[in-house]
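Questions regarding the structure given below will be posed in turn.
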Amino acid sequence: MTVNVSDDACPYVAVYTVYAMGVVDMKVSYSPAKSGLRRIGLDMRFPAGFEDVSYYGRGPWENYVDRCQGSYLGRYTTTVTDLFEMYAHPQSMGLRLDLRSLTLRNPQTADEIRVETSGPVSFSLLHFNEPDYFVPESHPWNVEMKPEVYAHFDYMQRGLGNGSCGPGTINQYLCPSYGTYTHTLRFSAVNGTASGIAAPPSAATADAALVRYDRALEAALCTCVPESVSEVRATDMGGTVVASAAVHGGSAVLPLKALPQGTYLVTFTDGKRTLRTHKLLKR
């Protein structure tokens with residue numbers, strides 16, 4: 001099925017190919033028609049409940065076309081809630097470049113939505129609808145957190161530049177204003193234990209562990225940790241270890257009391273190497 005979308009800024013053509021196994025390919029070709037575009041891509045919503053996130057792309061921090069040297073291509077885990085960034089004024093946030101594959105999992109039902117990519121794709125996932133950010137002088141506590149997942153899949157997003165205290169975005173990081181640009185998103189689903197494109201991770205791997213921030217305890221709670229993991233650590237954005245704990249009985253607690261709100265990394269190790277890197281938001 002082919003859909004032609006007319007737009008003064010960036011018309012595009014989406015070609016859907018539906019396979020008998022339930023997989024859907026969405027090949028999108030964008031034709032930007034004006035300068036000054038902030039992003040070229042798609043936004044969509046996923047149902048409530050798909051909270052757990054695993055992706056292969058640049059991370060673990062948010063990164064942009066002119067802010068990505070400290071974000072490395074790899075496999076990372078987090079949650080949609082923890083992809084929020086504690087900016088003083090809510091804004092577009094949480095972009096990750098060079099997406100190869102993304103899995104959204106509903107921890108209650110074990111259902112999964114998988115997205116695989118071809119061509120340049122960056123993504124962001126939030127429980128907030130971006131138009132809510134446009135209210136002047138709003139703060140993170142003024143925007144409504146919604147149960148649905150609001151997703152962006154961009155061919156390109158303009159670089160951040162340094163316009164707040166210096167020059168704006170330089171030309172090489174601006175969105176194009178002419179030509180045609182194409183990428184493909186492949187969507188598949190896993191219903192419970194049914195098979196999808198890829199087999200679900202083994203329960204014996206570090207991916208099986210659950211990580212949640214407990215606001216009352218001001219601690220990161222790690223449960224269902226397999227025997228292959230011996231230690232869990234929390235580090236801040238500067239790479240400093242702020243908490244560590246040995247695994248006992250499949251669980252570990254990382255106290256974050258007296259530490260500022262913001263992003264932390266929870267890493268699972270076997271004593272010699274990192275088995276999993278998880279982005280956590282203290283909020």
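The values are calculated or read from the model by the stated rules, or taken from the named source; none is laboratory data. Predicted model, so just to flag it, every value in this text is computed and none were measured. All Cβ positions, even for glycine, are placed from backbone atoms using ideal geometry, and neighbour counts span all protein chains on display. Ligands, DNA and RNA are excluded from the accessible area calculation, which covers all protein heavy atoms including side chains. Shrake-Rupley method; radii C 1.70, N 1.55, O 1.52, S 1.80 Å.
Taking a ≥ b ≥ c as the square roots of the Cα gyration tensor eigenvalues, with a/c under 1.5 meaning rounded and otherwise prolate when a/b beats b/c, else oblate, which class fits the chain? Walk me through the numbers on the way to the answer.
Details: a/c = 1.95, a/b = 1.33, b/c = 1.46.
Since a/c reaches 1.5 but b/c is at least a/b, the shape of the chain is classed as oblate.
Could you tell me which residue out of 48, 81, 94 lies farthest along the dipole of segment 39-182 toward its positive end? Charges go on the beta carbon: Lys and Arg +1, Asp and Glu -1, centred on the Cα centre.
Value computed over the given set: 94.
Tell me, what % of the accessible area of segment 41-80 is carbon and sulfur with a 1.4 angstrom probe?
Numbers: 880 of 1770 Å².
Carbon and sulfur: 50 percent of the exposed surface of segment 41-80.
Any idea how far the Cα center of segment 232-283 sits from the one of segment 105-182, in Å?
The two parts, judged by their Cα centres, are 26 Å apart.
FRET efficiency for residue 135 and residue 165, Cβ-Cβ distance as r, R0 = 35 Å, nearest 0.05?
Working: r = 24 Å, r/R0 = 0.70.
After rounding to 0.05, the efficiency reads 0.90.
Sequence neighbours fewer than 8 away in the same chain don't count; with that in mind, list the aspartates and glutamates whose C-alpha is under 13 Å from residue 282.
Here the aspartates and glutamates satisfying the reach criterion relative to residue 282 are 82, 85, 214, 218, 236.
Please arrange 178, 56, 264 by accessible surface area, largest first, computed with a 1.4 Å probe and ligands excluded. Intermediate values should be presented prior to the final figure.
Values: 178 165, 56 85, 264 10 Å².
The most accessible residue leads, giving 178, 56, 264.
Next up: In what sequence, largest accessible area first, do 146, 257 appear using a 1.4 Å probe?
Values: 146 40, 257 150 Å².
Descending accessible area places them as 257, 146.
Using the heavy atoms of the protein chains alone and a 1.4 angstrom probe, what is the accessible area of segment 1-88 per residue in square angstrom? Let's see the in-between values first.
Numbers: 4590 Å² over 88 residues.
Accessible area per residue, segment 1-88: 52 Å².
Compute the Cα gyration tensor for segment 36-193, then decide on rounded, prolate or oblate, letting a ≥ b ≥ c be the square roots of its eigenvalues: rounded whenever a/c is under 1.5, prolate when a/b is larger than b/c in the other cases, and oblate in all that remain.
Working: a/c = 1.83, a/b = 1.26, b/c = 1.45.
Taking the square roots of the gyration eigenvalues as a ≥ b ≥ c, segment 36-193 is oblate.
Could you order 205, 274, 267 by accessible surface area, starting with the largest, using a probe radius of 1.4 Å? The partial results should precede the final answer.
On the way: 205 50, 274 85, 267 20 Å².
Output order, biggest surface exposure first: 274, 205, 267.
Compute the signed sum of charges (Lys and Arg +1, Asp and Glu -1) over the other residues within less than 13 Å, Cβ to Cβ, of residue 40. Display every interim value, and only then the final one.
Details: positive: 34, 38, 39, 158; negative: 7, 43, 154.
Computed value for this residue: +1.
Then there is this: Using a 10 Å cut-off on Cβ atoms, rank the peptides 210-223, 70-83 from the highest mean neighbour count down.
On the way: 210-223: 15.5, 70-83: 18.4.
In descending order of packing, they fall as 70-83, 210-223.
Would you mind classifying segment 1-113 by shape? Square roots of the alpha carbon gyration tensor eigenvalues, ordered a ≥ b ≥ c; an a/c under 1.5 is rounded, otherwise it is prolate if a/b is larger than b/c and oblate if not. Provide the component values of the computation, followed by the final result.
Details: a/c = 1.81, a/b = 1.11, b/c = 1.62.
In terms of gyration-tensor shape, oblate.
Calculate what fraction, in whole %, of the accessible area of segment 217-267 sits on carbon and sulfur atoms when a 1.4 Å probe is rolled over the protein chains. Before the final figure, lay out the partial values.
On the way: 1450 of 2560 Å².
The value for segment 217-267 is 56 percent carbon and sulfur by accessible area.
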